Each structure stands twice: as C-alpha cells, then as structure tokens.
1. If you take the residues of region 109-138 that are assigned to a loop (DSSP other than H, G, I, E, B) and β-branched (Val, Ile, Thr), which of them is surrounded by the most Cβ atoms within 10 Å (Cβ to Cβ)?
2. Out of (1) open to solvent by 20 Å² or more (accessible area, probe 1.4 Å); (2) in contact (Cβ under 8 Å) with a residue 60 or more places away in the chain; (3) touching a helix residue (DSSP H, G or I) at 6+ places or on another chain (Cβ under 9 Å), what's the single condition that is false for Ile96?
3. On the given criteria, is Leu63 at pLDDT 90 or above and open to solvent by 40 Å² or more (accessible area, probe 1.4 Å)?
4. If you take the residues of region 108-134 that are closer than 20 Å to Leu74 by Cβ and within 12 Å of the chain's Cα centre (by Cα), which of them is farthest from the ligand (Cβ to nearest atom)?
5. Within region 139-157, take every residue that is open to solvent by 30 Å² or more (accessible area, probe 1.4 Å), touching a Ser or Thr at 6+ places or on another chain (Cβ under 8 Å) and at pLDDT 95 or above and give me the one that is farthest from the ligand (Cβ to nearest atom).
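The values are calculated or read from the model by the stated rules, or taken from the named source; none is laboratory data. It should be emphasised that the depicted structure is a prediction, and the values quoted were computed from it without experimental measurement. Positions of Cβ are generated from backbone atoms using ideal geometry, with glycine treated the same way; all protein chains shown enter the neighbour counts. Ligands, DNA and RNA are stripped out before the accessible areas are found, and what is left, the full protein with its side chains, is counted by its heavy atoms. Shrake-Rupley method; radii C 1.70, N 1.55, O 1.52, S 1.80 Å.
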Amino acid sequence: MERKEFLNLVGISVGAVILQNCVSGCTKASDPAPAAVTPPASGGGNVGGGNAAVVGLTGNNLLSKGVIDFTIDLTSTTFADLKTNGKALVSGDVIIARTKTGDFLVVEKACTHAQTTVDYNADKNNFVCNNHGSIFDSTGNVTNGPATKALKKYNATFDSAKNTLKIA
Ligand code: FES
C-alpha cells in the first residue's frame, strides 16, 4: 500500500468515528431537555394476581376469570402499602390507589392505548402511562393521549369497622 493510499484510508476511518460519536452524542444548546420520568408509585409488582391463596384477598381480580369483584384486608401485610396515603399497588387487573387525602381509587391497570400498566401519580391525583405519555384523571377519563378510551373505573367501598376494601 502506498503512503498516500494508507493516509487516505486512515483519514476516512478517523472521520467516520468522529462523525459517529458526534451523531450519537452531540447536542445543541437549543435541544429540549429530556422529559422527566415519573417514578412509579405502584412499584411494578402485582399483589395478589388472582391467586386465591393470597393472604388478605378474597374474590376475583382478573378479567380473564370473569367479573372483577374482590375484597382485600387492609390489615394484611400483603396490602400494607395501602395504609399510606399517596401509595398505590397493582392487584390482578386493577391498580388501587390511596389518594393523599386517604380516599381509594381503583381503575383497570392496562392503558387503553397499548395495554401498558399505568402508574398512580399522587401529586397530581391521576394515572400516567409512561409508555407513550397518556394521562387519565382520577376517574379514568383521558386527559392526554394518545389513548382515546377511558380506563374502566371500579367502585371501592371501605369498611372502617373491618378495615377491608371491597372492589367491584
Ligand atoms: S400504552 Fe399507554 S400511552 Fe401507549
């Protein structure tokens, strides 16, 4: 290989590496900052995912098994997160949230856009899908797309004497 040919080859290679690094790493001052990701309030686990043996859960919390109708024992450690205002958890096919003022909200967990599990945002008292950004209000109605269909809302009845929550 001639010296000139070698230098041309090296020059092309170095240029390609610099271009690749710049394309993947260079930003302009005018580029928007990346959107903040809301940390999931619900943790990401699924408490009592339809298993009848789960302590503190009776009834059905899975759509595949019929109508959602179940009761949870709030004294059970399984559902301990719901003792704290502003917390939420997923159980079966629903997400159960306790608002900052202590009320209970229950909606289907699957975003109506592409079925990603939604999270509860206690500060805004709404449900957020971090997949494509859909937002649902506390009753499940869409306030920001791309989802266009509301989340199904379930009734949550708190029995203070028994410390149970019936969801149907
Ligand atoms: S899956 Fe929820 S916004 Fe797309």
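1. Val118
2. (1)
3. Yes: the conditions hold for Leu63.
4. Selected residue: Tyr120.
5. That would be Lys153.
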